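Peer 1: Let me give you the structure first, and then I'll get to my questions.
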Amino acid sequence: MARRWNAKLKKWKSIADVVIVKDRDVVLVEPKTYMNLSGQAVGAVMAFYKIEPADVLVIVDEVQLPLGRLRLRPSGSAGGHNGLKSVIEHVGSDFPRLRIGVDRGHPDWDLSDRVLSKFPPSERDIVGRAITRAADAVETFVSDGIHAAMNRFNTAEDQSAEEETRS
């Protein structure tokens with residue numbers, strides 16, 4: 001989003017990089033804590049800028065979703081995601097989230113190897129398109145809200161091309 005909006009993140013209290021995008025009335029935050037502690041950064045930024053949970057969109061990778069699939073929700077559980085667990089511990093569960101499918105990978109692989117490694121060349125086009133669609137989903141969330149973003153980006157039609165590409 002920072003690249004798309006030509007905004008430069010700057011270090012904020014050693015726990016996050018932050019930029020205020022005034023023309024969009026948005027604060028972009030990239031936690032610099034370990035992922036399992038990202039709720040510390042999210043909670044601190046929300047408190048400092050007086051941001052309500054419903055106005056936060058937390059974006060995470062999701063191994064339980066097929067590669068490239070997007071899923072937006074207005075609230076919910078962590079679903080086993082340690083970063084979301086941390087955010088829920090610090091701000092509660094009533095915040096929108098965008099999960100970007102990265103797939104589990106080969107069943108014999110260690111899960112941490114999957115989420116901490118670069119995508120293989122065969123997956124990079126799908127990932128690139130998913131990132132573009134995720135950025136479009138963020139812009140829809142900002143302009144029209146979570147339900148509009150869900151209606152547009154959670155649909156099978158929007159993602160069918162991704163699944164056809166993998167087949």
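Peer 1: With the checklist (1) open to solvent by 40 Å² or more (accessible area, probe 1.4 Å); (2) acidic (Asp, Glu); (3) in contact (Cβ under 8 Å) with a residue 40 or more places away in the chain in hand, flag the one item Glu62 doesn't pass.
Peer 2: Of everything listed in (1) open to solvent by 40 Å² or more (accessible area, probe 1.4 Å); (2) acidic (Asp, Glu); (3) in contact (Cβ under 8 Å) with a residue 40 or more places away in the chain, Glu62 misses just condition (1).
Peer 1: Got at least one residue in segment 62-70 being at pLDDT 95 or above and among the β-branched types (Val, Ile, Thr)?
Peer 2: No, because not a single residue in segment 62-70 is at pLDDT 95 or above and among the β-branched types (Val, Ile, Thr).
Peer 1: Which of the residues belonging to segment 45-78 are part of a helix (DSSP H, G or I) and either on the phi > 0 side of the Ramachandran plot or among the charged types (D, E, K, R) (or both)?
Peer 2: Once the filter is applied, which keeps residues that are part of a helix (DSSP H, G or I) and either on the phi > 0 side of the Ramachandran plot or among the charged types (D, E, K, R) (or both), segment 45-78 yields only Asp55.
Peer 1: State all residues of segment 65-82 that are touching a residue at least 60 places away in the same chain (Cβ under 8 Å) and open to solvent by 30 Å² or more (accessible area, probe 1.4 Å); if no residue qualifies, say none.
Peer 2: Selection gives Pro66, Arg69, Arg71, Arg73, Pro74.
Peer 1: Limited to segment 109-127, what total is found for residues that are surrounded by 12 or more Cβ atoms within 10 Å (Cβ to Cβ) and either at pLDDT 95 or above or closer than 25 Å to Asn6 by Cα (or both)?
Peer 2: Number satisfying all stated conditions: 3.
Peer 1: Let me ask another. Report yes if Arg99 is over 25 Å from Phe141 (Cβ atoms) and either touching a residue at least 60 places away in the same chain (Cβ under 8 Å) or in contact with an Asp or Glu (Cβ under 9 Å, 6 or more places away or on another chain) (or both), otherwise no.
Peer 2: It is false that Arg99 is over 25 Å from Phe141 (Cβ atoms) and either touching a residue at least 60 places away in the same chain (Cβ under 8 Å) or in contact with an Asp or Glu (Cβ under 9 Å, 6 or more places away or on another chain) (or both).
Peer 1: Quick check on my filter: what residues within segment 99-153 are over 23 Å from Ser77 (Cα atoms), outside any helix (DSSP H, G or I) and of a type in the set (A, V, I, L, M, F, W, C)?
Peer 2: Trp109, Phe119
Peer 1: Pairs, please: C-beta under 8 Å, at least 6 apart or cross-chain, first residue over 22 Å from Val87 (Cα atoms) and modelled with pLDDT of 95 or more and in segment 1-23, second open to solvent by less than 40 Å² (accessible area, probe 1.4 Å) and part of a loop (DSSP other than H, G, I, E, B)?
Peer 2: Going by the 8 Å Cβ cut-off, the qualifying pairs are Lys8/Ala2; Val21/Trp5; Val21/Ala7.
Peer 1: Would you mention how many residues in segment 45-59 are touching a residue at least 40 places away in the same chain (Cβ under 8 Å) and open to solvent by less than 30 Å² (accessible area, probe 1.4 Å)? First the steps, then the outcome.
Peer 2: Residues of segment 45-59 that are touching a residue at least 40 places away in the same chain (Cβ under 8 Å), as a first pass: 46, 53-54, 56-59.
Now drop any that are not open to solvent by less than 30 Å² (accessible area, probe 1.4 Å), which leaves 46, 56, 58.
Of the residues in that region, 3 qualify.
The values are calculated or read from the model by the stated rules, or taken from the named source; none is laboratory data. It should be emphasised that the depicted structure is a prediction, and the values quoted were computed from it without experimental measurement. Every residue, glycine among them, receives a Cβ derived from its backbone with ideal geometry; neighbour counts consider all protein chains shown. Just so you know, the surface numbers come from the protein's heavy atoms only, side chains and all, with ligands and any DNA or RNA stripped out. Shrake-Rupley method; radii C 1.70, N 1.55, O 1.52, S 1.80 Å.
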